[in-house]
Amino acid sequence: MTSSGPNEGLRPQREHAPARPLRGVVPVGTAVLWGLTCIASVLAAWFIATAGEAESRMIGPATLPSPAETLAAVPRVFGERRLVANTLVTLGRVCLGFGLSAAVGVPLGVLAACFPALRAFLGPLTIFGRNIPVAALIPLTFFFFGIGEFQKVMFLFIASVAFVVSDTTAAVLDVPERYVDTALTLGASRLQIIGKVLVPLAAPAIFNSLRLLFGIAFGYVMLAEVVKFGGDAGGLGDLINISQRRGEREPILIVLVVIPLVAYLIDRALWWLQCDLFPHRYGGRGMLPRFVRGLLHGFAPAGEIAP
């Protein structure tokens, strides 16, 4: 009978491969491949659901036209339905309404973050504005501003300004207190702390919030375009409403594709601008700030130019 050694019964453990990180970064090529796979899957499902004659389809053409039928309607939507003109009208309204909310909301948010009494005063308004159903604002803006262009701009302003104020306040409050303490130690006044410490440090987060909120405002404008005057282009929302009344499905699908494409292109342009304006935060090249500094340097009087 053999004696068992001290290592008897011990089996080598299987080496496990390191687990993939839960929040890792996907390579660009892999991300593009997965995105194209998603688009191809949606198109394939759409094609299968609308394949064949109208009577034998899984989903009838009165509910969902086929990809070929939708593609055939593109020239008519661009021509008769003035898709480009309606898109430009919608973009103009969003820029005006959201631009007004940014012009009012950002200063209010900065002041609310700096002065607790003002923050408490604006608190009920921002809570109300962030939680009110957007559709409920339509009749309210009709009562106060009529049914013209001014009403659409004011609707977008009222629907967006509470979010701008709230996000700006949060961005300024998130600035670490050590920067304020350092400025106080150096003898800075309240106005200098706000203008030269808090606002510059919070600016990247404020701009990022405005970029994201712009996309939300682009969706809100569809509600504002339920009414138009005359035969002028009424915007993408009006185009959808007219197509719905006429029972046309193809123009609606085309607009639903155009809206996210336009919104995505605008978002990418704003993201490039964001990276360029704040290279220390997002890794951009800072070309625009250098260009502006060069212009200011060129226009400055000779005695004010720094050595």
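The values are calculated or read from the model by the stated rules, or taken from the named source; none is laboratory data. None of the values given here were measured: they were computed from a predicted structure. Here Cβ is always computed from backbone atoms with ideal geometry, including for glycine, and neighbour counts include all displayed protein chains.
Has the range 17-26 got at least one residue that is among the aliphatic types (A, V, I, L, M), surrounded by 10 or more Cβ atoms within 10 Å (Cβ to Cβ) and either out of contact with any Leu (no Cβ under 9 Å at 6 or more places or on another chain) or at pLDDT 85 or above (or both)? Checked the range 17-26: at least one residue is among the aliphatic types (A, V, I, L, M), surrounded by 10 or more Cβ atoms within 10 Å (Cβ to Cβ) and either out of contact with any Leu (no Cβ under 9 Å at 6 or more places or on another chain) or at pLDDT 85 or above (or both). Of the residues GLY283, GLY234, GLY230, the single one that is touching a Cys at 6+ places or on another chain (Cβ under 9 Å), at pLDDT below 90 and not aromatic (Phe, Trp, Tyr) is GLY283.
At least 3 residues being within 24 Å of ASN208 (Cα to Cα) and among the aliphatic types (A, V, I, L, M) is the threshold, and among the helices (runs of 4 or more DSSP H) wholly inside the range 91-193 those reaching it are 116-131, 149-173. Between residues in the range 187-204 that are closer than 15 Å to THR169 by Cα and touching a residue at least 60 places away in the same chain (Cβ under 8 Å) and residues that are surrounded by fewer than 17 Cβ atoms within 10 Å (Cβ to Cβ) and of a type in the set (Lys, Arg), which pairs lie under 7 Å by C-beta distance while being six or more apart or on different chains? Listed pairs, sorted by first residue: PRO204/ARG281.
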